[in-house]
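Just so it is clear, none of the values below were taken in a lab; they were calculated from the coordinates. A quick note: this is a predicted structure, and the numbers were derived from the prediction, not measured. When we count neighbours, we look across all protein chains shown, and the Cβ atoms used for this are built from the backbone with ideal geometry, even at glycine.
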Amino acid sequence: MTYSTSREGSVAVLSISGEVDMTSAPMLEEQALALLDTDATGLVVDLTAVDFLASMGIALLVELSKRAGDNRGFAVVAQGSATARPLELLGLGEVLSVHPRLSDALGALGGGVEDSSPQA
């Protein structure tokens, strides 16, 4: 799994690629919590480039949504059979704000455009 972070206006974006499983989920959690500790008004977890999302990753998304709470927006970008389908089958569209495109998620949270910084 690799990730990059960016700011889109006041919204932090954590873009993930590869597999989110029990070995990579702790790194994802660490990065997401660090972004929630900033002055960002919201967090988008972009799973567009994820090709495998294990149950631990799904549970982490629910936990991050709770951690963001009412004070901060939280959204997930998921499309296709590896990410959107499992979330849909589990009924998590009722719990998570899931969008097919980053622009949709940013629009829902009121984000604009700024810079990005790739990480490994």
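Summed over qualifying helices (DSSP H, 4 residues or more, each -39500 (n - 2.57)) and divided by its residue number, the chain shows a 222 nm mean residue ellipticity of -10000 deg cm²/dmol. Output the antiparallel fraction of DSSP beta bridges having both residues in region 2-112, as a percent to the nearest 5. Beta bridges within region 2-112, antiparallel portion: roughly 30 percent. Extension gain, Ala54-Arg72: 0.36 nm per intervening residue step, less the Cα-Cα distance, totals 3.9 nm.
Net charge in the neighbourhood of Ala78 (other residues with Cβ under 13 Å of its Cβ; Lys, Arg +1, Asp, Glu -1) is -2. Charge tally for Leu36 (other residues, Cβ to Cβ under 12 Å; Lys, Arg +1; Asp, Glu -1): -2. A dipole drawn for region 2-112 from +1 and -1 charges on Cβ atoms has a positive end, and of Val11, Ala108, Phe52 the residue lying farthest that way is Ala108. When only the Cβ of Lys, Arg, Asp and Glu is charged (+1, +1, -1, -1), the dipole of region 36-79 relative to its Cα centre reaches about 120 debye. For Arg101 and Glu19, the difference between the fully extended length at 0.36 nm per residue and the C-alpha to C-alpha distance is 27.6 nm. Across the chain, the mean sequence separation of Cα contacts (distance under 8 Å, 6 or more residues apart), normalised by length, yields a relative contact order of 34 percent. Quick one: if the Förster radius is 41 Å, what FRET efficiency do Ala82 and Ser10 give, using the C-beta to C-beta distance and rounding to 0.05? It comes to 0.90.
Compute the orientation-averaged projected area for the chain from the convex hull of its Cα atoms and round it to one decimal in nm². Average projection, Cα convex hull of the chain: 6.2 nm².
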